1. How many percent of the accessible area of the chain is carbon or sulfur, using a 1.4 Å probe?
2. Distances over 12 Å make up what percent of all Cα-Cα pairs in segment 115-156?
3. For segment 90-206, build the convex hull from the C-alpha positions and give me its volume per residue in Å³.
4. Could you work out how far helix 118-135 tilts from the main Cα principal axis of the chain, as a 0 to 90 degree angle to the nearest 10?
5. From the P(r) of segment 83-158, could you give the percentage of C-alpha pairs in the tail past 13 Å?
6. Taking a probe of 1.4 Å, how large is the accessible area per residue of the chain, in Å²?
7. Compute the Kirkwood hydrodynamic radius of the chain, taking the inverse of the mean of 1/r over all pairs of distinct Cα atoms, and give it in Å to one decimal.
8. Which percent of Cα-Cα pairs in segment 1-108 sits in each 5 Å bin, short to long?
Amino acid sequence: MSSLPMFPLGSVLFPHMPVALRVFEERYLVMLARVLQTEPSEFGVVLIERGSEVGGGEQRFEVGTVARIAQLEASEGVVGLVGLGTRRIAVERWLDDEPHPLADVRELPELSWDESLRPLLDQAEIVVRRTISRASEFVELQWPADVELDDDPVRASWQLAGIAPLGEIDQITLLRSTSVAQLLARVIDLTDAAGETFTATWYAEEGDDPELGA
């Protein structure tokens, strides 16, 4: 267990996925200055359960991901950075937020790959790419359907979780997975459900009934 500077956000960060941040609050500028004094420069990211990213006082989920700073640029009063998710963590204890959020954390086990899971990975990729393609007709999404995945199957599994068009609560469910098999099965089930929701919402807004073949 170790102490780690923490950045609560309104979104979930997965291992092997990027996060782009604009840092302007004084507490996080102080945190960033401290983080940059260490190598590698890392901080924890957790989802805000209740509250907002600005101002403090938010309630936070207890599982998150370590972000390693990959790009950094600064302008007057604002620092822009890109972090890359590395490993999962569980918060054991929140410490004093002054001057910035800090927590005692423990690393969660890395997921292990078994080649017998290849068909499940292929199925998850088909489902996610198909759902992104269909959902992009209704809403603007962050990731295109043809986004490239890592050749490493564990990394690719996490990336599928990251690009799937899901809400934050579903993403937390994925982040808590204890095996690649569980992760991929959840990706398939949750993404299929999200795809049905996108379609039903669109038909409802258009006033058509999908069961009538409209």
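The values are calculated or read from the model by the stated rules, or taken from the named source; none is laboratory data. Remember, predicted model here, so these are calculated numbers, not experimental data. Accessible surface areas use protein heavy atoms only, side chains included; no ligands, DNA or RNA. Shrake-Rupley method; radii C 1.70, N 1.55, O 1.52, S 1.80 Å.
1. Details: 5470 of 11420 Å².
That share works out to 48 percent.
2. On the way: 543 of 861 pairs.
Here the tail beyond 12 Å accounts for 63 percent of pairs.
3. Values: hull volume 15.9 nm³, N = 117.
Roughly 136 Å³ of hull volume per residue.
4. Relative to the chain, helix 118-135 is tipped by roughly 80 degrees.
5. On the way: 2187 of 2850 pairs.
Value for segment 83-158: 77 percent of Cα pairs lie more than 13 Å apart.
6. Working: 11420 Å² over 214 residues.
Ligands and nucleic acids excluded, the result is 53 Å² per residue.
7. Values: mean 1/r = 0.0540 Å⁻¹.
Kirkwood radius, the chain: 18.5 Å.
8. The calculated distribution, bin by bin, is 2, 13, 25, 28, 22, 8, 1, 0.
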